[in-house]
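Student: Provided herewith is a single structure, encoded as C-alpha cells, for subsequent inquiry.
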Amino acid sequence: MSKRVLDALIERFGADVYETHAQFGDETAVVNPARWREVALFLRDDPRCLMNMFVDLTAVDYPLRTPRFEVVLHMRSLERNHRIRVKARVGDEEGNNAEIDTLVPVWKGANWFEREAYDLMGVVFKGHPDLRRILMYPEFVGHPLRKDYPANRIQPLVPFREVTEKLPPFGPDEGMPFGRQSHDDQRDRTGEVN
Amino acid sequence: MSSSGGGTSVRVIEGSETGFATTRLDALLNWAKKYSLFQYPFVTACCGMEFMAMASPRYDMARFGAEAPRFSPRQADLLWVVGTIVQRQAPALKRIYEQMADPKWVLAFGTCASCGGFYDNYSTVAGIDKIIPVDVYVPGCPPRPEAVLDGLLLLQDKIARGDRTPGIVKPRRDPAVLGGNLDLVQLGKKTPAKGER
C-alpha cells in the first residue's frame with residue numbers, strides 16, 4: 001500500500017528521490033536534503049499520501065561515508081493507513097555542514113526530535129524556533145552519539161571527591177565484570193576536553 | 001490505693017522507690033538517632049518502584065523507626081539515593097546532601113547508585129561516592145527488599161556504634177542450601193586458581 005506513496009513521490013520529485021527500497025514492509029526513500037521540507041509538505045498534503053502523523057525523527061552516524069549523517073523521518077497516515085520512511089544524507093567527514101531544513105512548520109511534533117538530533121548528533125536544523133540542547137546540559141562540549149566521541153570521556157558538572165576517607169568497600173575491579181575494568185583511572189575527571 | 005473487692009491490690013510507686021538506669025550520653029544519643037531516621041528519598045529510576053514497595057505495607061520500612069519521608073533536605077537525616085544518577089543531576093544531588101543537617105547518612109540503593117551499574121558512558125556518574133560520601137551500599141539490580149532492610153539495619157547498627165565507615169550488604173548464604181553446606185561466592189574474595197590453596 002505504501003508503494004503508491006513512493007510512486008507519487010517519484011512522480012513529483014523525479015531525480016531528487018535518489019533511491020528507494022523496502023524492507024520488511026517498510027517503504028523507504030532517500031531524497032535530496034535541499035528539498036527536505038518540500039518533500040515533507042508534499043507527503044503531508046497530497047491526497048494520495050496524507051501523512052498526517054509525525055512518528056519519529058532521528059539521525060544516524062556513518063563515519064566512513066561521505067555524507068556522514070542520515071536524517072531519518074518516519075511518518076504515518078491515519079486516514080490512508082500507510083507508513084513511510086524518508087532519509088536525507090548530510091554532512092562531510094568531520095561532521096561539519098550537517099544542515100537541513102527544520103520540519104517544525106510542517107509538524108509541530110518535530111520540535112523536540114530535532115533538538116534531540118542536534119544535541120546528540122550535531123545535525124543543525126535551519127529555521128528551528130528553539131534549537132538548544134535537550135538531553136545534555138548546556139556546558140557539554142561535543143555530540144555524544146557521534147561515533148568518534150570518545151567512549152570514556154565524561155564531562156562532570158561537579159568535581160569528583162578526591163578525599164581518601166569513606167571509600168567504597170569494594171575494589172575497582174568489582175562491580176562491572178563486562179565493562180572496561182580500568183575506566184576509573186583513565187577518565188578525564190577535570191572536565192576539560194582535550 | 002487498693003481495690004475494694006477481690007484479692008488484687010495496686011500500689012503506686014513514688015519518689016525514691018523508682019528505679020534508675022545508667023548509660024553513656026553518646027550511647028543514649030546514638031540510640032535515639034538510630035530509631036528516628038527521617039528519610040529523604042532521592043528517587044530517579046527503576047529502583048524507585050522497589051523503594052515504593054519497600055515503604056508499602058508488605059515490607060513496611062516504617063517499623064524500623066525510619067517512618068517519615070521528608071521531601072525537604074533540611075528536615076531529613078538519611079538520604080536514600082535510589083536509581084541512576086547522571087552527570088546532569090549530580091549538582092542537585094550534591095546540593096541536597098549539603099543542605100541536610102548534621103548528623104546525616106547516605107544509603108546507596110542498587111547498583112546504579114553504588115557503582116554506576118551497567119552504565120559505562122558519557123552520561124552516568126559511576127557511583128554517587130564520586131560526589132558525596134556513602135555509608136551503606138546495597139547492591140542488586142534491583143536489590144531484594146530484604147537486602148535493603150538489611151542495609152537499613154546495618155546502618156542503624158553503625159549509628160549505634162558510632163561507626164562512620166562505609167559498609168556493604170554482603171550476599172548471604174541461602175538458608176535453603178545451608179543444609180547442603182554450599183558456599184556462595186563472597187564479594188571481594190578472589191577464588192583461588194587451580195593448583196593454589
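Listed here are the residues, each with its yes/no results for (1) crowded, with 18+ Cβ neighbours inside 10 Å; (2) within 13 Å of chain B (Cβ to nearest Cβ); (3) acidic (Asp, Glu); (4) closer than 29 Å to A:Val55 by Cβ.
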residue	(1), (2), (3), (4)
A:Pro105	no, no, no, yes
A:Trp112	no, no, no, yes
A:Asp119	yes, yes, yes, yes
A:Pro129	no, no, no, yes
A:Arg153	no, yes, no, no
A:Glu162	no, yes, yes, no
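Student: Sort out which residues of segment A:67-87 are of a type in the set (Lys, Arg) and open to solvent by less than 50 Å² (accessible area, probe 1.4 Å), and write them in order of number.
Tutor: Within segment A:67-87, A:Arg68, A:Lys87 meet the criteria.
Student: Can you pull out every residue in segment B:112-133 that is facing chain A (nearest Cβ under 7 Å) and of a type in the set (Val, Ile, Thr)?
Tutor: B:Ile131
Student: Quick check on my filter: what residues within segment B:32-49 are in a helix (DSSP H, G or I) and at pLDDT 90 or above?
Tutor: Scanning segment B:32-49 gives B:Cys47, B:Gly48, B:Met49.
Student: Condition test on B:Pro69, is it surrounded by fewer than 22 Cβ atoms within 10 Å (Cβ to Cβ), under 30 Å from A:Pro138 (Cα atoms), more than 13 Å from the chain's Cα centre (by Cα) and away from every other protein chain (no Cβ under 14 Å)?
Tutor: So B:Pro69 fails the test.
Student: Additional query: For the subset of segment B:79-104 comprising residues that are of a type in the set (D, E, K, R) and assigned to a loop (DSSP other than H, G, I, E, B), which member is nearest to A:Gln155 (Cα to Cα)?
Tutor: Checked segment B:79-104; the qualifying residue nearest to A:Gln155 (Cα to Cα) is B:Arg88.
Student: Can I ask one more? How many residues does segment A:118-164 contain that are in a loop (DSSP other than H, G, I, E, B) and closer than 15 Å to A:Leu73 by Cα?
Tutor: 1
Student: Quick test of your reading of the structure: B:Leu28 fulfils all but one of (1) within 28 Å of B:Arg144 (Cα to Cα); (2) free of Cβ contacts under 8 Å to residues at least 60 places away in the same chain. Name the failing condition by number.
Tutor: (1)
Student: Here's a follow-up. If only one of B:Asp129, B:Asp77, B:Asp120 is touching a Lys or Arg at 6+ places or on another chain (Cβ under 9 Å), open to solvent by 10 Å² or more (accessible area, probe 1.4 Å) and modelled with pLDDT under 85, which one is it?
Tutor: Every option except B:Asp120 fails the conditions.
Student: With A:Val106, A:Val30, A:Val39, A:Val5 as the choices, which residue is in contact with a Lys or Arg (Cβ under 9 Å, 6 or more places away or on another chain) and closer than 22 Å to A:Arg132 by Cα?
Tutor: Residue meeting the stated conditions: A:Val106.
Student: For B:Ile159, all conditions in the list (1) without any contact (Cβ under 8 Å) to a residue 60 or more places away in the chain; (2) more than 18 Å from B:Val43 (Cβ to Cβ); (3) touching a helix residue (DSSP H, G or I) at 6+ places or on another chain (Cβ under 8 Å); (4) in a helix (DSSP H, G or I) hold save one; what is the number of the exception?
Tutor: Status for B:Ile159: all satisfied but (1).
Student: Name the single residue that is most open to solvent (accessible area, probe 1.4 Å) among those in segment B:31-49 being touching a residue at least 60 places away in the same chain (Cβ under 8 Å) and not hydrophobic (A, V, I, L, M, F, W, C).
Tutor: So the residue we want is B:Tyr35.
Student: I'd like the full set of residues that are within 11 Å of chain A (Cβ to nearest Cβ) and open to solvent by 10 Å² or more (accessible area, probe 1.4 Å), limited to segment B:80-96.
Tutor: Passing the criteria: B:Val86, B:Arg88, B:Gln89, B:Pro91, B:Ala92, B:Lys94, B:Arg95.
Student: Which one is nearest to the chain's Cα centre (by Cα), of the residues in segment A:31-66 that are crowded, with 17+ Cβ neighbours inside 10 Å and in a loop (DSSP other than H, G, I, E, B)?
Tutor: So the residue we want is A:Met51.
Student: When you look at B:Val106, is it open to solvent by less than 20 Å² (accessible area, probe 1.4 Å) and either in contact (Cβ under 8 Å) with a residue 40 or more places away in the chain or more than 15 Å from B:Leu149 (Cα to Cα) (or both), yes or no?
Tutor: no
Student: Same structure again: Regarding segment A:101-117, can at least one residue be identified that is closer than 18 Å to A:Val39 by Cβ, assigned to a strand (DSSP E or B) and touching a residue at least 60 places away in the same chain (Cβ under 8 Å)?
Tutor: Yes, there is a match, as at least one residue in segment A:101-117 is closer than 18 Å to A:Val39 by Cβ, assigned to a strand (DSSP E or B) and touching a residue at least 60 places away in the same chain (Cβ under 8 Å).
For (1) closer than 30 Å to B:Ala27 by Cβ; (2) at pLDDT 80 or above; (3) open to solvent by less than 40 Å² (accessible area, probe 1.4 Å); (4) of a type in the set (A, V, I, L, M, F, W, C), each residue gets a yes or a no:
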position: B:Val136; (1), (2), (3), (4): yes, yes, yes, yes
position: B:Val169; (1), (2), (3), (4): yes, yes, yes, yes
position: B:Leu187; (1), (2), (3), (4): no, no, no, yes
position: B:Gly195; (1), (2), (3), (4): no, no, no, no
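The values are calculated or read from the model by the stated rules, or taken from the named source; none is laboratory data. Nothing here was measured: the structure is a model prediction, and the numbers come from that model. Neighbour counts run over all protein chains shown; Cβ positions are idealised from the backbone, glycine included. Side chains included, ligands, DNA and RNA excluded: accessible areas come from the protein's heavy atoms. Shrake-Rupley method; radii C 1.70, N 1.55, O 1.52, S 1.80 Å.
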